[in-house]
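Undergrad: Take this structure, written in structure tokens, and hold onto it; I'll ask about it next.
Bear in mind these aren't lab numbers, they're just calculated from the coordinates by the rules spelled out. The structure presented is a predicted model; accordingly, all values stated were derived computationally and were not measured.
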Amino acid sequence: QVQLVESGGGLVQAGGSLRFSCAASGRAFITYAMGWFRQAPAKEREFVAAITWSAKNTDIADSVKGRFTISRDNAKNTVYLQMNSLKPEDTAVYYCASSYAGIATRTDEYEYWGQGTQVTVSS
């Protein structure tokens, strides 16, 4: 069992920045790939970014490439999502998730999910 708790959401103006943190507890964090997803109102949950357990490999969605960065600190059992140059279309609830299978982009490849944190980007 893995428990994930996100923090760092809020209201920001377009062009601004936010950093999410996702703290993990439970089973060995270091063995899991971690991902970030988001879900806007009336839309399906979509992949944002993922990182392998070693942090040697990452995958970033085209819609946020060049603006968002994923990283992790295994000593702190925490994964981060740095979001720069935010746009109104980035408004969504953001979720972190863990995948024992490795870096992945589909929601069904992740076993554990956080409760989500809201980001609202105003124009």
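Undergrad: Please report the relative contact order for region 10-101, taking Cα pairs under 8 Å with a sequence separation of at least 6, and give it as a percent rounded to a whole number.
TA: On the way: 166 pairs, mean separation 37.3, N = 92.
So the answer I get is 41 percent.
Undergrad: Give the total of Lys-Lys pairs in region 22-123 with Cα-Cα distances below 19 Å; include a pair only if its members are 8 or more places apart or on different chains. All intermediate terms of the calculation are to be shown ahead of the outcome.
TA: Numbers: Lys43/Lys87; Lys56/Lys65; Lys56/Lys76; Lys65/Lys87.
Within region 22-123, the lysine pair count is 4.
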